[in-house]
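**Student:** Okay, here's the structure, questions in a sec.
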Amino acid sequence: MPPMEVRQYTVKIQPAAEGGYWAEVPALPGCFAQAQTLEEVTATLRQLVEGRLADLMRRGETLPVEKRTRRTYSFPLIVRPKLR
């Protein structure tokens, strides 16, 4: 049995207006999930992505390759304003 190919996809997670989080995989249109916690939304989305890729493979279709045009970085920035 050949080794399983590893695929990497960007996941966008944002807070949902009604509470909890929603997430999407832009490279797989229609692949999105919503849940109350980050752990739940991540687990649900992982299952959806795995299912979508397995379905594409069963049908003999090409698996999507994410086009990376530029990288963005995000991080929390903690500042302490100083009075002058």
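**Student:** Name the pairs whose Cβ atoms lie under 8 Å apart, with the first residue in segment 23-39 and touching a residue at least 12 places away in the same chain (Cβ under 8 Å), the second of a type in the set (Asp, Glu) and surrounded by fewer than 18 Cβ atoms within 10 Å (Cβ to Cβ), and 6 or more positions between them or separate chains?
**Tutor:** 26/66; 27/66
**Student:** If you go through segment 30-84, how many residues are at pLDDT 80 or above and among the hydroxyl-bearing types (Ser, Thr, Tyr)? So that I can check it myself, show each step before the final result.
**Tutor:** Going residue by residue through segment 30-84, those that are at pLDDT 80 or above are 30-66.
Now drop any that are not among the hydroxyl-bearing types (Ser, Thr, Tyr), which leaves 37, 42, 44, 62.
Matching residues across segment 30-84 total 4.
**Student:** Just a yes or no: is a residue in segment 31-47 acidic (Asp, Glu) and either part of a helix (DSSP H, G or I) or over 15 Å from residue 9 (Cβ atoms) (or both)?
**Tutor:** yes
The values are calculated or read from the model by the stated rules, or taken from the named source; none is laboratory data. Just so we're clear, the structure is a prediction, and the values are computed from it rather than from any experiment. We place every Cβ from the backbone using ideal geometry, glycine too, and count neighbours over all the protein chains shown.
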